[in-house]
Amino acid sequence: MNPKYPICPVCSKRVDWMQLKSGATFFCSGCGEELRLSQAYYSIVFVVSLLFSALIVYLLGARGVLFLIATLVSFYLLAGYGSFLWGVILLPPKLHVVGPTSILDRRENHHSLP
């Protein structure tokens, strides 16, 4: 298995998985831009984890209230711990720049401040 890495949208440098934090911003070690994970990535992980959890629990024979409880527990495990492996194996998350992306944009924003 060849691991896939997220790529900085500004400098195209690979971003180490250890830098990624759910819901938090971080800085690219190559260009210093402030980055965050794509909201679409969270949505995809949520939906896929929920559907996969429900399918596994159903195939194991759980029904009724047990189905609901087992689905929620397995969803929590898959969404929390499985998203890292899911991203490495199938699709690395897209990263987005937080704030201005170029030196010119920064200068314009800096001069527009009082």
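The values are calculated or read from the model by the stated rules, or taken from the named source; none is laboratory data. Quick caveat: nothing in here was measured; it's all calculated off a predicted structure. Glycine also receives a Cβ, built like all others from the backbone with ideal geometry; neighbour counts cover every protein chain displayed.
The requirement of being at pLDDT 75 or above and assigned by TED's automatic domain parsing to the domain that holds Tyr5 is fulfilled somewhere in segment 98-105, by at least one residue.
Residues that are small (Gly, Ala, Ser) and touching a residue at least 24 places away in the same chain (Cβ under 8 Å) were ranked within segment 43-82; the one that is farthest from Pro93 (Cα to Cα) is Ser53. In the set (1) at pLDDT below 85; (2) surrounded by 13 or more Cβ atoms within 10 Å (Cβ to Cβ), Cys31 fails one condition alone, (1). Within segment 49-63, the only residue that satisfies the criterion of being more than 11 Å from Ser74 (Cα to Cα) and of a type in the set (Phe, Trp, Tyr) is Tyr58. None of Val57, Val47 is out of contact with any Lys or Arg (no Cβ under 9 Å at 6 or more places or on another chain), surrounded by 13 or more Cβ atoms within 10 Å (Cβ to Cβ) and outside the structural domain of Val10 (by TED's automatic domain parsing) except Val57.
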